[in-house]
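Q: My questions will all concern the structure given below.
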Amino acid sequence: MNYDAILFDFDGVLVESEYEGNRQIADYLTARGWPTSPEAAMAHFMGLSGNDFLGAIETYIGGALPEDFHAAREAENLRVLGEGIGEVAGAVAFVRALPGHLPRAIASSSSTHWIETHLDHLGLRQAFAPHIYSGKEHVNRGKPAPDIYLYAADRLGVPIERTVIVEDSPVGARGAVASGATVIGLCAGSHCGGGHGERLRELGVHHVAHDFAEVARLIEIAQGTGTT
């Protein structure tokens, strides 16, 4: 695989926030009368942000959001921002093994504050700074539009066709494939159940990896040596 840069989604690729976030949503909805499992929450809401995320929840419950929804989400966000969230297995070692000269960026639906705070918890902010980009802040259209990936590649000065993208969610995978990059569908997070890889393949990802060692093999990076 020939490439000149690597772009990462964030939630569910580097940190286990996809599972944790959807577990909180499932617990919240269940407590308010809409029995929901983490798996159901992930099936309906994973990878969405902003109005798309809120609209998906309203569609799921068949009405307006409960009055305390935003307060409950904010409280949970403040908690995890303070405490941190664990890495997706192997993510930190993989990023640290990337060749120093290889351009890389985060291209996420989350806010830069969220991304940078969790990168600090993982000790990885300097591995990406200043190339940390948010679909909420840097482009007009979030995923599944390809805009945030095109923006990140442009900021790195690399043609999108010369980049490889690591994505985990179906929403993000659609945007990544539409961008014209080579896309690796990552199924290493706790939120990736049976059939997740097949779903990503159906959306057009070029490769599926079940751990970061497989990602390294796909892009010919020798972990621990910093060579390609």
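The values are calculated or read from the model by the stated rules, or taken from the named source; none is laboratory data. If you're wondering where the values come from, they're calculated on a predicted model, not measured in any experiment. A quick note on method: Cβ atoms are made from the backbone with ideal geometry, for glycine too, and the neighbour counts reach across all protein chains shown.
Q: In the same structural domain as Ala91 (by TED's automatic domain parsing) and free of Cβ contacts under 8 Å to residues at least 40 places away in the same chain: which single residue out of Val166, Val158, Val171, Val177 fits that description? Reasoning before the result, please.
A: Details: Val166 fails: free of Cβ contacts under 8 Å to residues at least 40 places away in the same chain; Val158 fails: free of Cβ contacts under 8 Å to residues at least 40 places away in the same chain; Val171 fails: free of Cβ contacts under 8 Å to residues at least 40 places away in the same chain.
On inspection, the qualifying residue turns out to be Val177.
Q: When region 1-33 is examined, which residues are found to be within 12 Å of the chain's Cα centre (by Cα) and basic (Lys, Arg)?
A: Result: no residue meets the conditions.
Q: If you check Ala31, Ala40, which single one turns out to be free of Cβ contacts under 8 Å to residues at least 24 places away in the same chain and in contact with a helix residue (DSSP H, G or I) (Cβ under 8 Å, 6 or more places away or on another chain)? Show your work before the answer.
A: Numbers: Ala31 fails: in contact with a helix residue (DSSP H, G or I) (Cβ under 8 Å, 6 or more places away or on another chain).
Exactly one of Ala31, Ala40 is free of Cβ contacts under 8 Å to residues at least 24 places away in the same chain and in contact with a helix residue (DSSP H, G or I) (Cβ under 8 Å, 6 or more places away or on another chain), namely Ala40.
Q: If we scan region 110-125, do we find a residue that is surrounded by 19 or more Cβ atoms within 10 Å (Cβ to Cβ), of a type in the set (Gly, Ala, Ser) and touching an Asp or Glu at 6+ places or on another chain (Cβ under 7 Å)?
A: Yes, region 110-125 has at least one match.
Q: Pick out, from region 1-109, the helices (runs of 4 or more DSSP H) lying fully within it that include 2 or more residues that are more than 22 Å from Lys143 (Cβ to Cβ).
A: Numbers: elements: 17-31, 38-45, 50-61, 69-83, 91-97.
Output list reads 17-31, 69-83, 91-97.
Q: Take Asp9 and decide whether it is closer than 29 Å to Val164 by Cβ, of a type in the set (D, E, K, R) and touching a helix residue (DSSP H, G or I) at 6+ places or on another chain (Cβ under 6 Å). Break it down stepwise before answering.
A: On the way: closer than 29 Å to Val164 by Cβ: yes; of a type in the set (D, E, K, R): yes; touching a helix residue (DSSP H, G or I) at 6+ places or on another chain (Cβ under 6 Å): yes.
Yes; evaluated as a whole, the condition is true for this residue.
Q: I'm trying to understand the selection: among the residues of region 140-166, which are in contact with a strand residue (DSSP E or B) (Cβ under 8 Å, 6 or more places away or on another chain) and aliphatic (A, V, I, L, M)?
A: Our first condition is that a residue be in contact with a strand residue (DSSP E or B) (Cβ under 8 Å, 6 or more places away or on another chain); within region 140-166, this holds for 148-149, 151-153, 155-156, 158, 162-166.
Matches in region 140-166: Ile148, Ala152, Ala153, Leu156, Val158, Val164, Ile165, Val166.
Q: From Val215, Val139, grab the single residue that is among the aliphatic types (A, V, I, L, M) and crowded, with 20+ Cβ neighbours inside 10 Å. Spell out the reasoning first.
A: Working: Val139 fails: crowded, with 20+ Cβ neighbours inside 10 Å.
On inspection, the qualifying residue turns out to be Val215.
Q: Hey, any hits in region 166-177 for a residue that's among the β-branched types (Val, Ile, Thr), surrounded by 24 or more Cβ atoms within 10 Å (Cβ to Cβ) and modelled with pLDDT of 95 or more?
A: yes
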